[in-house]
Amino acid sequence: MLSKYNILKDEIVKWSRTKCLVVGDVMLDHYINGSVNRISPEAPVPVLDVENTTNRLGGAANVALNLIQLGAEVELLSVLGDDETGNTLLEMLTAKNIRTKHILKSASRKTTKKNRLISKNQQLLRFDSETTDEISKEVEDKLYENLLLSIEKSLPDILIFQDYDKGVLTKSFIEKTISICRQKKIKTAVDPKRKNFFNYSGVDLFKPNLKELCDAFNLLKINDESELLSQVEKLRIELNVTNCMVTLSEKGICYVSPSNSFVTKPNKLRTITDVSGAGDTVLSVASLALAGNLEAESLVFLANLSGGIVCEYPGVYPISKELLLKDLNYEDSLNE
């Protein structure tokens, strides 16, 4: 008889047949790494002696990267600025075999770039360059036109919204996209942010974090598991979503659907190095599991496991099929 872990490993292998369309805010994560050995004579601030710089895909681009490294077929749809940062992102996406044909450029926008100064794996400072105004109606119409072209050509199994409140996802675009996905029987998942939080009515998977849940209902805190489950069910009904999955940081995941309601703790203690991008990973894995009709407990288990894995690495670090299977093999060995 196959063990639970072998069944999950077989499911992960099947993800290579899953077609994903990711829509949302993309960004470039730029890391400036160095050492600090002195204080500036000009002001009471540390001086970073730069040793190297690196670029990583962020936001919706990181979701796309997670999905491609898990074996899926991926297209990314977004709006970039007509700038060097946008060109760098396109080059990086193409190098990872993520389809970018329908990405738009707008001369009136700046591509989001997050610059982080790092010393000994500690972030000293972050400074951002970006445009966060909503895209124009003209750009929105073109983006939706490209969305329809992408759907017509490849008919994805799942469409994933990654919303960072940077202006690409407008209320009308979201509503039209969910509507066409329902017509075409394409599953939908979203990691929402504050501005559009209540605009994703009807999605199949709604994945906020605990802070976003509390902010949505003006709660200072949630006192216990019973109250948590009650608030998540309230959110699920109010938004008319099928599955609601709330990430609880180091405390695990709360999952509520019409037939399931539970809180899953992390499966093991980990050395947390950096939580950046963990939400992208959880969304990616949960979306693939949803597209493959995996049962709720297994979906949450894999999402929880993956989020924990990437937190052990510095910076925005994507999951991969190899990393996930390695951890599953380890879990399996403990239960022999």
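Read-outs throughout are calculated quantities, based only on the coordinates presented, and are distinct from any laboratory measurement. On a predicted model such as this, the values are computed, not experimentally measured, just so you know. Cβ: placed from backbone, ideal geometry, glycine included. Neighbour counts: every protein chain shown.
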Practice task
Tell me the Kirkwood hydrodynamic radius of the stretch 169-301 in angstroms, computed as one over the mean inverse distance between distinct C-alpha pairs.
Solution key: 15.3 Å
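With r as the distance between the Cβ atoms of Ile7 and Asp224 and R0 = 45 Å, compute the FRET efficiency 1/(1 + (r/R0)^6) and round to 0.05.
Working: r = 33 Å, r/R0 = 0.73.
Working from the Cβ atoms, E equals 0.85.
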Handout entry: the chain: antiparallel DSSP beta bridges as a percent of all, rounded to 5
Key = 45 percent
Exercise for the section: Return the Rg/Rh value of the stretch 290-336, two decimal places, where both radii are evaluated on C-alpha atoms and Rh is the Kirkwood radius. Expected result: 1.00
Completion exercise
Computed over the stretch 186-256, the convex hull of the Cα set has an average projected area, in nm², of 4.5 nm²
Problem - Coil-residue GluC sites (Glu not before Pro) of the stretch 11-63, DSSP, other Cβ within 10 Å capped at 12 - result: Glu42
Exercise for the section: For the chain, calculate the relative contact order in percent as a whole number, restricting contacts to Cα pairs under 8 Å that are 6 or more residues apart. Expected result: 17 percent
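Contact order normalised by length for the stretch 1-155, with contacts defined as Cα pairs under 8 Å and 6 or more residues apart; what percent is it?
Normalised by residue count, the contact order of the stretch 1-155 is 24 percent.
To the nearest 20 debye, what is the magnitude of the charge dipole of the chain about its Cα centre, counting +1 on the Cβ of each Lys and Arg and -1 on the Cβ of each Asp and Glu?
300 debye
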Exercise for the section: List the GluC sites (Glu not before Pro) within the stretch 223-304 that fall in a DSSP loop (any state other than H, G, I, E or B) and whose Cβ has at most 14 other Cβ atoms within 10 Å. Expected result: Glu295
Practice task
Once you have a ≥ b ≥ c as the square roots of the Cα gyration tensor eigenvalues for the stretch 1-117, tell me rounded if a/c is under 1.5, and otherwise prolate or oblate according to whether a/b is larger than b/c.
Solution key: oblate
Practice task
Stick to Cα atoms and the Kirkwood definition of Rh, then tell me Rg/Rh for the stretch 50-167.
Solution key: 0.99
Problem - Cross-link pairs Lys185/Lys207; Lys110/Lys176; Lys137/Lys184 - those with Cα-Cα distance over 22 Å - result: Lys110/Lys176; Lys137/Lys184
Exercise for the section: Would you kindly state the longest site-free stretch of the chain, with sites defined as trypsin sites (Lys or Arg not before Pro) in a DSSP loop (not H, G, I, E, B) surrounded by at most 10 other Cβ atoms within 10 Å? Expected result: 1-119
Exercise for the section: Would you calculate the separation in nanometres between label points at Glu152 and Val45, each defined as 7 Å from the Cα along the Cα-to-beta-carbon direction? Expected result: 5.2 nm
Handout entry: Cα-based convex hull volume of the chain per residue, rounded to whole Å³
Key = 157 Å³
Exercise for the section: Provide the three semi-axes, in whole Å and in decreasing order, of the ellipsoid equivalent to the stretch 223-319 as defined by the square roots of 5 times the Cα gyration tensor eigenvalues. Expected result: 23, 15, 11
Fill in the blank from the handout: For the stretch 72-131, shape from the Cα gyration tensor axes a ≥ b ≥ c, cut at a/c of 1.5 then a/b versus b/c, turns out oblate
